[in-house]
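Okay, structure first, notes after.
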Amino acid sequence: MEQPSNSDLYRQMLRIRRFEETVLEQFPRGDFYGTTHTYIGQEADAVGVLHWLKEGDVVVSNHRCHGHFLEYGGSMHGLAAELMGRSSGICGGRGGSQHLQWRDFYANGILAGTLPLAAGMAMAEQRARTGRIVFAFMGDGTLGEGVVYESLNMASLWKLPVLFVLENNLYAQSTPISLNLAGTITGRFQAFDIPVREAATTDVLEILELAGQAVGDVRHGTGPAALVLQTYRFAPHSKGDDTRDPDEIERYREADPLRVHGARLAQTERESIEADVEREVAQAFETARSDSPADPAALTAALGDPE
Amino acid sequence: MTTVLERLNTGLAACLETSESVILLGEDVIDPYGGAFKVTRGLSSQFPERVLTTPVSEAGIVGLGVGMALRGLRPVVEIMFGDFLMLAGDQLLNHAAKLRWMSNDQVRVPLVIRAPMGGRRGYGPTHSQSLEKHFLGVPGLRTVALTALGDPAELIKRAVLHDDDPVLFVEHKLLYAARAQEALTDFEVVAAAGPYPAYRLRVRGAPAAVLTFAAYGYTAELARQAVTKLAYEHELFAELIVFTQLSPYMDDALLESVSRTGHLLTVEEGSRQLGWGAEVVARMAEVMGPSLRIARLGAAETPIPAAGTLESATLPQVDDMVQAARDVCRQ
C-alpha cells in the first residue's frame, strides 16, 4: 500500500478536527439532537490506522466515532445531517451521533458490546476466506467491561482476523485512569497471547508505521493483534462536562497531532489545505441544515415479516 | 414414538444440510456430549465445520452470533439454560434487536438464540426459570415458544432458515421428552395461518365451549390435561389456544375463540405479576370490554425452589387450572 503524502495526512486530520470543532461551536444553537463525543486531539489515531483499510474490511467503532467514520470514507454532510436529525442523515436520523452504520462501518455507544460482534464478523470473514479484516476501536474506559475479555479470549482462541485498536485518552468520561484501572493495558492483551504494539506518540507518521505492522500481522492470518495508542482528548467527554485541570490540557496541546504534523508542511500548503477544509465543512453543515427534518412517515416496523 | 427433542435435532440437521450459511454454536454442544439437553447430539459429527463448542461466555457468543449474522451467516446460538440469557441481555437488546432498525434498515440480523427454560425438574432458583417474559415486547426481537403441536422441526427451520430478524426460541425442558406429531384422539387441532402459528384445540364431539384457555410451551400440555378433566369430570367445556409466537403479540386465533366463549384463562409458568397473561388479557379486554370474564394463572411471586414438594406448590399445576377454570366460569 502506498505511503500517503504529508499533505493528505494533514488534510484528513484537519477534516476531523474542523468537523468536531464545528459541532461543539454550533451545539448551543440547538441544531443538534442529544449529545456528542468529539475526537479532537485523537485524530492521528484514526488517520494512521485506517490508512491500511482495504475494500470490504470492517470497522467497529464506539461512542466517539465521528473521526473513525470520516476517515473510513463516510460523508461529512451525511454525518452532520444525522446529528441534526435530517432524513439525509447516515441512518435517516434514527441513530444520531453514536449509532452510525454505513457499508462496513458499525458504531454503537454501548461500550465493549461491539467487541463480540467484531469477533463474529471476523469469524464470518475467516470462514469465507475473504482475506478481510476487522478494525475494532475501543477506549481505556471500555476495559472495565467484562465482555472485553470474553471477546479477546474468543478472538485469540479461534485466531480471528481482528485488530483491536485501544485509544487510551486517560479518562473514562470524568474519571482518570488511575481511579478505575488495575494492571496494565498491554498486559490484558498479552494474557490472551494477542501480540500488542504500543505507541506513546501523537505523530501520525509513527502511528501509521506501527499500525501498518499490526495490520500486516492480522492480514497474514495468524490471528488477532492489538495496538495501544496513548492519546488525549482536548475537548470534554461530551460537551460542557470537563473537570480536568486546564493546565493539564494545555500541556497536552503542545503535542497536538495537527501541530506536530503540520510543521512538516510549508505554510502556503498548510493554508491552502485549511481553506479547502473550511469550505468543505461549512458546506456540509449548511447543506445539512437546509435538508428536511426526518419524517415520521418514513419509520418502518422494527421487525420484518418472515417468509 | 418420536420426541420433540428428536424433531428439534432433525430440524437443526435439516437447516445445516439446506444452507451452508447455518452455523450452530454453544457451550458443550459437540459430540460426544451433544449439549446439556442433547438437542445437538450427532450434529457436530455430521457437520464438524459448522457446529462449534464455545467458551462459557453467554454475552460473547450471542455477540459473536450477531456479528456473523451481519456478515451473511445464519447462526444458531444455544444458551445452555435460559436462566443464563440475562448475561447476554445487552447483546440481545442493544445489538441484535436494534441493528436493523437503528441502521435505517440497512442491515439484517438473522440470528436464532435457543434457550431451554422452565422448572419441574428440581434444578432450583437459578436453573428453573421462565424468563422469557422479560424479553417480550422488546421492539426488534421476536420470541417464539416451542410446542409439541405441529412439527417442532418445521418450527425451528422457519426461524433459522426463513426469518431475517433475531428470534429468541424458547424451549421448555419438559417438552424435550414429550411426544411429537402425536395424533390427539381426544382433540380436534386447527393451526392458524402464518409462519409461527397458534393452535386451537377442542375436545372432539364436545358442546360449544364456554371458556378459552391461552397458554404456550409445556404449560399448554398441562392446560390440555385440564381441558380434558374439565370436560369429563365437570362437564365444563373449554378450548385451548396455544401460542408459538409470543412477541410481537398476535391475537387473531385467541380473539376469535374468546369472542365466542366470553371467558378467558391465561396460564404461564413465569411469575404471574406483569407477565405474558397480563398482556393477553389486556388485549382481549380492549376489544371486548366489561363483558369479558378473565383469570390468570402463573408461578408464585418467589424464586423457584428445588425441593419437589415446594416446587410443585410454586408452579401452576393441572388441578390449579381446573379450579381456576371453574371459578372464572362461576363468576
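The values are calculated or read from the model by the stated rules, or taken from the named source; none is laboratory data. Values in this document were obtained by computation on a predicted structure and should not be read as measured data. Positions of Cβ are generated from backbone atoms using ideal geometry, with glycine treated the same way; all protein chains shown enter the neighbour counts.
Which of the following residues is under 30 Å from B:Ala307 (Cβ atoms), outside any loop (DSSP other than H, G, I, E, B) and modelled with pLDDT of 95 or more: B:Glu132, B:Glu154?
B:Glu132
What is the residue count in region B:199-211 for residues that are under 18 Å from B:Pro248 (Cα atoms) and either aliphatic (A, V, I, L, M) or in a loop (DSSP other than H, G, I, E, B) (or both)? Let's see the steps before the verdict.
Going through region B:199-211, the residues under 18 Å from B:Pro248 (Cα atoms) turn out to be B:199.
Then keep just the ones that are either aliphatic (A, V, I, L, M) or in a loop (DSSP other than H, G, I, E, B) (or both); that gives none.
Matching residues across region B:199-211 total 0.
Any idea which residue in region A:264-285 is farthest from A:Ser7 (Cα to Cα), counting only those that are more than 24 Å from the chain's Cα centre (by Cα) and loosely packed, with under 13 Cβ neighbours inside 10 Å?
Top of the filtered list is A:Ala275.
Out of B:Ser21, B:Ser44, which single residue is surrounded by fewer than 23 Cβ atoms within 10 Å (Cβ to Cβ), farther than 19 Å from B:Pro166 by Cβ, modelled with pLDDT of 95 or more and in contact with a strand residue (DSSP E or B) (Cβ under 6 Å, 6 or more places away or on another chain)? Before the answer, list the steps.
On the way: B:Ser21 fails: farther than 19 Å from B:Pro166 by Cβ.
Checking each option against the conditions leaves just B:Ser44.
Take residues that are over 23 Å from B:Gly194 (Cβ atoms) and tell me which of the helices (runs of 4 or more DSSP H) falling wholly in region B:225-331 contain 1 or more. Lay out the reasoning, then the answer.
Working: elements: B:252-261, B:276-288, B:308-314, B:318-330.
Here the list reads B:276-288, B:308-314, B:318-330.
Quick test for you: out of B:Gly82, B:Gly67, pick the one residue that is more than 14 Å from chain A (Cβ to nearest Cβ) and surrounded by 22 or more Cβ atoms within 10 Å (Cβ to Cβ). Even if it seems obvious, please write down each step before you answer.
Working: B:Gly67 fails: more than 14 Å from chain A (Cβ to nearest Cβ).
Being more than 14 Å from chain A (Cβ to nearest Cβ) and surrounded by 22 or more Cβ atoms within 10 Å (Cβ to Cβ) holds for just one of B:Gly82, B:Gly67, which is B:Gly82.
Of the conditions (1) in contact with a helix residue (DSSP H, G or I) (Cβ under 9 Å, 6 or more places away or on another chain); (2) within 7 Å of another protein chain (Cβ to nearest Cβ); (3) farther than 21 Å from B:Val39 by Cβ, B:Asn94 fails just one. Which one is it?
Condition not satisfied by B:Asn94: (1).
Given (1) touching a residue at least 24 places away in the same chain (Cβ under 8 Å); (2) more than 16 Å from the chain's Cα centre (by Cα), identify the lone condition not met by B:Lys133.
(2)
How many residues does region A:127-152 hold that are surrounded by 20 or more Cβ atoms within 10 Å (Cβ to Cβ) and either closer than 28 Å to A:Leu181 by Cα or at the interface with chain B (Cβ under 10 Å from one of its Cβ atoms) (or both)? Give the derivation first.
Filtering region A:127-152 down to residues surrounded by 20 or more Cβ atoms within 10 Å (Cβ to Cβ) leaves A:132-143, A:147-148, A:150-152.
Subset that is either closer than 28 Å to A:Leu181 by Cα or at the interface with chain B (Cβ under 10 Å from one of its Cβ atoms) (or both): A:132, A:134-143, A:147-148, A:150-152.
Selection size over region A:127-152: 16.
Within region A:183-218, which residues are assigned to a loop (DSSP other than H, G, I, E, B), within 17 Å of A:Trp52 (Cβ to Cβ) and touching a Phe, Trp or Tyr at 6+ places or on another chain (Cβ under 8 Å)?
Listed by number, the list holds a single entry, A:Pro195.
Within region A:87-106, how many residues are more than 10 Å from every other protein chain (Cβ to nearest Cβ) and touching a Leu at 6+ places or on another chain (Cβ under 6 Å)? Don't jump to the end; show me each part of the working.
Going residue by residue through region A:87-106, those that are more than 10 Å from every other protein chain (Cβ to nearest Cβ) are A:88, A:97-98, A:105.
Next, from what is left, pick out any that are touching a Leu at 6+ places or on another chain (Cβ under 6 Å): A:97.
Counting residues in region A:87-106 that are more than 10 Å from every other protein chain (Cβ to nearest Cβ) and touching a Leu at 6+ places or on another chain (Cβ under 6 Å) gives 1.
Given (1) free of Cβ contacts under 8 Å to residues at least 40 places away in the same chain; (2) at positive phi, identify the lone condition not met by B:Arg120.
For B:Arg120, the failing item is (1).
Could you tell me which of the residues A:Gly85, A:Gly89, A:Gly74 is surrounded by fewer than 24 Cβ atoms within 10 Å (Cβ to Cβ) and touching a residue at least 60 places away in the same chain (Cβ under 8 Å)? Step through it out loud before you land on a result.
Details: A:Gly89 fails: surrounded by fewer than 24 Cβ atoms within 10 Å (Cβ to Cβ); A:Gly74 fails: touching a residue at least 60 places away in the same chain (Cβ under 8 Å).
After ruling out the rest, the residue left standing is A:Gly85.
With (1) surrounded by fewer than 18 Cβ atoms within 10 Å (Cβ to Cβ); (2) outside any loop (DSSP other than H, G, I, E, B) as the list, and A:Gly240 as the residue in question, which single condition is left unmet?
In the conditions (1) surrounded by fewer than 18 Cβ atoms within 10 Å (Cβ to Cβ); (2) outside any loop (DSSP other than H, G, I, E, B), A:Gly240 misses (2) alone.
Which residues, taken from region A:116-130, are more than 21 Å from A:Glu71 (Cβ to Cβ) and either outside any helix (DSSP H, G or I) or touching a His at 6+ places or on another chain (Cβ under 7 Å) (or both)? I'd like the intermediate steps shown before the answer.
The first filter runs over region A:116-130 and keeps only residues more than 21 Å from A:Glu71 (Cβ to Cβ), leaving A:116, A:119-120, A:123-124, A:126-130.
Correct list: A:Ala128, A:Arg129, A:Thr130.
Which of the following residues is in contact with a strand residue (DSSP E or B) (Cβ under 7 Å, 6 or more places away or on another chain) and surrounded by fewer than 18 Cβ atoms within 10 Å (Cβ to Cβ): B:Arg142, B:Arg200, B:Arg204?
Numbers: B:Arg142 fails: surrounded by fewer than 18 Cβ atoms within 10 Å (Cβ to Cβ); B:Arg200 fails: surrounded by fewer than 18 Cβ atoms within 10 Å (Cβ to Cβ).
Going through B:Arg142, B:Arg200, B:Arg204 in turn, just one is in contact with a strand residue (DSSP E or B) (Cβ under 7 Å, 6 or more places away or on another chain) and surrounded by fewer than 18 Cβ atoms within 10 Å (Cβ to Cβ): B:Arg204.
Which residues, taken from region B:52-64, are more than 9 Å from chain A (Cβ to nearest Cβ) and over 27 Å from B:Ser130 (Cβ atoms)?
none
What is the one condition in (1) of a type in the set (Gly, Ala, Ser); (2) within 10 Å of chain A (Cβ to nearest Cβ); (3) surrounded by fewer than 20 Cβ atoms within 10 Å (Cβ to Cβ) that B:Ser103 does not satisfy?
Single failed check for B:Ser103: (3).
Which residue pairs have Cβ atoms under 7 Å apart, sit 6 or more places apart or on different chains, and have a first residue in region A:271-287 that is more than 16 Å from A:Leu70 (Cα to Cα) and a second that is aliphatic (A, V, I, L, M)?
A:Ile273/A:Leu14; A:Glu274/A:Leu14
In region A:21-66, what count of residues is obtained for those that are without any contact (Cβ under 8 Å) to a residue 40 or more places away in the chain, in a loop (DSSP other than H, G, I, E, B) and among the charged types (D, E, K, R)?
1
Considering (1) outside any helix (DSSP H, G or I); (2) in contact with a Ser or Thr (Cβ under 8 Å, 6 or more places away or on another chain); (3) more than 8 Å from chain A (Cβ to nearest Cβ), say which one B:Val109 fails and leave the rest.
Just one mismatch for B:Val109, condition (2).
Filter region A:154-185 down to the residues that are out of contact with any Ser or Thr (no Cβ under 7 Å at 6 or more places or on another chain), surrounded by fewer than 21 Cβ atoms within 10 Å (Cβ to Cβ) and of a type in the set (Ser, Thr, Tyr) and list them by number.
Correct list: A:Ser156, A:Thr175, A:Ser178, A:Thr184.
Do you know which residues across region B:165-198 are small (Gly, Ala, Ser) and assigned to a loop (DSSP other than H, G, I, E, B)?
So in region B:165-198, the residues small (Gly, Ala, Ser) come out as B:177-178, B:180, B:183, B:191-194, B:198.
Of everything in region B:165-198, those that are small (Gly, Ala, Ser) and assigned to a loop (DSSP other than H, G, I, E, B) turn out to be B:Ala177, B:Ala178, B:Ala180, B:Ala183, B:Ala192, B:Ala193, B:Gly194, B:Ala198.
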